[in-house]
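The values are calculated or read from the model by the stated rules, or taken from the named source; none is laboratory data. Since we're looking at a predicted model, the values are computed, not measured. Neighbour counts are summed over all protein chains in view; Cβ atoms, including those assigned to glycine, are modelled from backbone coordinates with ideal geometry.
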Amino acid sequence: MRRLTFPAGFLWGVATSSHQNEGNNHNNDFWAWEQIPGHVADHSTSGLVADWWRSAEADFDRAADLGLNTLRLSVEWSRLEPQPGVWDSAAFDRYRVMLHGLHERGIRPMVTLHHFSNPVWLAERGGWANPAVVRHFERYVSHVAAELGDLVNVWGTINEPYIYAAMAYMLGDWPPGQRSLLQLAKVMRHQANAHAAAYHAIHQVQPGAQVGVVKHLAGFDPYRPLWPGDRGVAALMDALTNWRFLDAITSGRFKLPLGLGLRRNLIAQGTNDFIGVNYYGRSRLRLHWRDVPVPAPPDLAWPVPWVNREIYPRGLYRFLMKLRRYDRPVYITENGLADSTDLIRPGFLLAHLANVHHAIQDGADVRAYYHWTLVDNYEWTEGWTTRFGLFGLDTETQARTMRRSARLYREIIAANGITEEMVANHAPHIMAQVFDSADEPLPVEASEEDAA
């Protein structure tokens, strides 16, 4: 029987975030944004979400039951520093209890320091467009490392810097709702400087800590592979959104678009002990007649396109191989699917993990996989319209329902790999692609009977 076995000591986890799980984070800018009609797709507000601030430990038990040996969570800046330079000792105590709870269950925490939400006081002072954010962030990170560092030795500084900057300052869909390329560039520069300051601040407190950025990598391929316009658009989007930030914090060089030269930032050089990778899929781009890139229709071999992305497991392999040039270990810090029916998630999980295994076999230094996410959570301006959880959540009763994909993930963790029997039981239609590593979108033909 064929089997894909992962390295001994491989870390199996789930990823979460504070605002999406804790509930009643009413002192941050996203909470304020939700209250304004028209900002959230289903007109909902986050409210209690998964109620982690009061009862995360029940979900930690579920994580332990799955066999997880790591869990990625974030701490909420607005709880810990509700006013500039004012620290909430009760909030620090609650996070200490949560982190102790993970350790008691044999689960190693990875903590993200900024996961999209900002204290209201920071937003009122210009947020990430104000260069003062760098010293504010450094002060916050220094204090968190000093207070919680005995319980955490793996830190993610900023989650998905480009995604946050683009959504908040270029597309205007997130607070503060601005639409400016100039602001986008300014914010990304401040993010790189803030990451570097945080990196050095943590190492001053914890010299042996592992500190890295959590970077969203999105595949961009030409819709017409032989057409120069499509190839050029895909290459430009790939360079600017995927690699520019990573280049800056490893080499200290900020590559400017259109061959305009390099911008040096030596303080950022070498500020990555690992690279966190969030991967969800790809877009195939074509050059529109108005000379702007637009996404091509997604390939419906995977019939759940999400935010104009095609589900493309092989893309994860491609990124993991490209990341070898940075000579850093890689943690896959997010990978998941919005699938309330759980018809497709089992095949999604198997296909992506198969590509992770193939990358490791081909020389990629991948240490961990964090599935997004444990329990259905509040998906920012998508509200409750997208359900990413291994456990379903009834928002009225807070009841959890274990999905089939959770049972599959438990099997994978117990085996430290994928077996032919797992694929046969959960997604037999992708058997050849899982074990033969085909470079093509994997078909999904699951039925409601398969999910029973």
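Can you tell me which residue within the stretch 393-433, out of those that are of a type in the set (Val, Ile, Thr) and at pLDDT 95 or above, is nearest to residue 316 (Cα to Cα)?
So, considering only residues that are of a type in the set (Val, Ile, Thr) and at pLDDT 95 or above, the one nearest to residue 316 (Cα to Cα) is 418.
Could you count how many residues in the stretch 89-142 are of a type in the set (D, E, K, R) and touching a Pro at 6+ places or on another chain (Cβ under 9 Å)?
Adding up the residues that qualify gives 2.
Of 194, 201, 248, which residue is touching a strand residue (DSSP E or B) at 6+ places or on another chain (Cβ under 8 Å), in a helix (DSSP H, G or I), farther than 21 Å from residue 334 by Cα and at pLDDT 95 or above?
Result: 194 is the single residue among 194, 201, 248 that is touching a strand residue (DSSP E or B) at 6+ places or on another chain (Cβ under 8 Å), in a helix (DSSP H, G or I), farther than 21 Å from residue 334 by Cα and at pLDDT 95 or above.
With in a helix (DSSP H, G or I), modelled with pLDDT of 95 or more, of a type in the set (A, V, I, L, M, F, W, C) and touching a Ser or Thr at 6+ places or on another chain (Cβ under 8 Å) as the only criterion, which of 354, 368 stands out?
The match here is 354.
Scan the stretch 221-231 and tell me whether some residue there is under 22 Å from residue 332 (Cα atoms) and either at pLDDT 95 or above or touching a helix residue (DSSP H, G or I) at 6+ places or on another chain (Cβ under 7 Å) (or both).
Scanning the stretch 221-231 turns up at least one residue that is under 22 Å from residue 332 (Cα atoms) and either at pLDDT 95 or above or touching a helix residue (DSSP H, G or I) at 6+ places or on another chain (Cβ under 7 Å) (or both).
Enumerate the pairs (first residue in the stretch 309-324 and within 13 Å of residue 433 (Cβ to Cβ); second residue anywhere and part of a helix (DSSP H, G or I) and aliphatic (A, V, I, L, M)) with beta-carbon separation below 6 Å, excluding pairs fewer than 6 apart on the same chain, so at least 6 apart or on different chains.
Here the result reads 313/351; 317/359, each pair linking the stretch 309-324 to a residue that is part of a helix (DSSP H, G or I) and aliphatic (A, V, I, L, M).
Within the stretch 84-103, is there a residue that is assigned to a strand (DSSP E or B) and surrounded by 19 or more Cβ atoms within 10 Å (Cβ to Cβ)? First the steps, then the outcome.
Of the stretch 84-103, the ones assigned to a strand (DSSP E or B) are 86.
Still in the running and surrounded by 19 or more Cβ atoms within 10 Å (Cβ to Cβ): none.
For the stretch 84-103, residues assigned to a strand (DSSP E or B) and surrounded by 19 or more Cβ atoms within 10 Å (Cβ to Cβ): absent.
Looking at (1) surrounded by fewer than 19 Cβ atoms within 10 Å (Cβ to Cβ); (2) touching a residue at least 24 places away in the same chain (Cβ under 8 Å); (3) of a type outside the set (Val, Ile, Thr), can you tell me which one residue 123 breaks?
(1)
Residue 310 versus (1) of a type outside the set (Phe, Trp, Tyr); (2) at pLDDT 95 or above; (3) over 18 Å from residue 4 (Cβ atoms); (4) crowded, with 22+ Cβ neighbours inside 10 Å: which is the lone unmet condition?
All conditions pass for residue 310, except number (2).
Among the residues in the stretch 71-83, are any surrounded by fewer than 23 Cβ atoms within 10 Å (Cβ to Cβ), touching a residue at least 24 places away in the same chain (Cβ under 8 Å) and over 22 Å from residue 156 (Cα atoms)?
Yes, some residue in the stretch 71-83 is surrounded by fewer than 23 Cβ atoms within 10 Å (Cβ to Cβ), touching a residue at least 24 places away in the same chain (Cβ under 8 Å) and over 22 Å from residue 156 (Cα atoms).
Sort out which residues of the stretch 1-35 are basic (Lys, Arg) and either assigned to a loop (DSSP other than H, G, I, E, B) or touching a Leu at 6+ places or on another chain (Cβ under 9 Å) (or both), and write them in order of number.
Step one: of the stretch 1-35, the residues basic (Lys, Arg) are 2-3.
The one that is basic (Lys, Arg) and either assigned to a loop (DSSP other than H, G, I, E, B) or touching a Leu at 6+ places or on another chain (Cβ under 9 Å) (or both): 2.
What is the number of the single condition among (1) surrounded by 20 or more Cβ atoms within 10 Å (Cβ to Cβ); (2) of a type in the set (A, V, I, L, M); (3) not in a helix (DSSP H, G or I) that residue 338 does not meet?
Single failed check for residue 338: (1).
Testing residue 61 on (1) surrounded by 15 or more Cβ atoms within 10 Å (Cβ to Cβ); (2) closer than 23 Å to residue 405 by Cβ; (3) out of contact with any Phe, Trp or Tyr (no Cβ under 6 Å at 6 or more places or on another chain), one condition comes back false. Which one is that?
(1)
Of (1) part of a strand (DSSP E or B); (2) without any contact (Cβ under 8 Å) to a residue 60 or more places away in the chain; (3) of a type in the set (A, V, I, L, M, F, W, C), residue 211 satisfies all except one. Which?
Condition (2) is where residue 211 drops out.
Can you tell me which residue within the stretch 361-372, out of those that are in contact with a helix residue (DSSP H, G or I) (Cβ under 8 Å, 6 or more places away or on another chain) and surrounded by fewer than 24 Cβ atoms within 10 Å (Cβ to Cβ), is nearest to residue 400 (Cα to Cα)?
Our first condition is that a residue be in contact with a helix residue (DSSP H, G or I) (Cβ under 8 Å, 6 or more places away or on another chain); within the stretch 361-372, this holds for 362-366, 369, 371.
Pick out the ones that are also surrounded by fewer than 24 Cβ atoms within 10 Å (Cβ to Cβ) and you get 362-366.
On the way: 362: 39, 363: 39, 364: 36, 365: 35, 366: 31 Å.
Taking the candidates together, the pick is 366.
Does the stretch 65-88 contain any residue that is in contact with a Lys or Arg (Cβ under 9 Å, 6 or more places away or on another chain), of a type outside the set (Ser, Thr, Tyr) and on the phi > 0 side of the Ramachandran plot? First the steps, then the outcome.
Taking the stretch 65-88 and keeping what is in contact with a Lys or Arg (Cβ under 9 Å, 6 or more places away or on another chain), we get 65-71, 79, 81, 84-85, 88.
Among the residues that remain, those that are also of a type outside the set (Ser, Thr, Tyr) are: 65-69, 71, 79, 81, 84-85, 88.
Checking the rest, the ones that are also on the phi > 0 side of the Ramachandran plot come to 67, 85.
Yes; the residues of the stretch 65-88 include at least one that is in contact with a Lys or Arg (Cβ under 9 Å, 6 or more places away or on another chain), of a type outside the set (Ser, Thr, Tyr) and on the phi > 0 side of the Ramachandran plot.
Evaluate the stretch 43-66: report whether one residue or more is more than 22 Å from residue 397 (Cα to Cα) and outside any helix (DSSP H, G or I).
No, the stretch 43-66 contains no residue that is more than 22 Å from residue 397 (Cα to Cα) and outside any helix (DSSP H, G or I).
Evaluate the following for residue 159: is it out of contact with any helix residue (DSSP H, G or I) (no Cβ under 9 Å at 6 or more places or on another chain) and touching a residue at least 60 places away in the same chain (Cβ under 8 Å)?
Taking the combined requirement at face value, the residue satisfies it.
Condition (residue is free of Cβ contacts under 8 Å to residues at least 60 places away in the same chain, in contact with a Pro (Cβ under 7 Å, 6 or more places away or on another chain), small (Gly, Ala, Ser) and assigned to a helix (DSSP H, G or I)) applied to the stretch 143-155: is it met by at least one residue?
Within the stretch 143-155 (the criterion being free of Cβ contacts under 8 Å to residues at least 60 places away in the same chain, in contact with a Pro (Cβ under 7 Å, 6 or more places away or on another chain), small (Gly, Ala, Ser) and assigned to a helix (DSSP H, G or I)), the answer is no, since none of the residues qualifies.
Are there any pairs, at least 6 apart or on different chains, whose C-beta atoms fall under 7 Å, with the first in the stretch 362-380 and touching a residue at least 40 places away in the same chain (Cβ under 8 Å) and the second of a type in the set (Lys, Arg) and buried (at least 24 other Cβ atoms within 10 Å of the Cβ), and if so, which?
Once the first residue is touching a residue at least 40 places away in the same chain (Cβ under 8 Å) and sits in the stretch 362-380, its partners that are of a type in the set (Lys, Arg) and buried (at least 24 other Cβ atoms within 10 Å of the Cβ) give 370/72.
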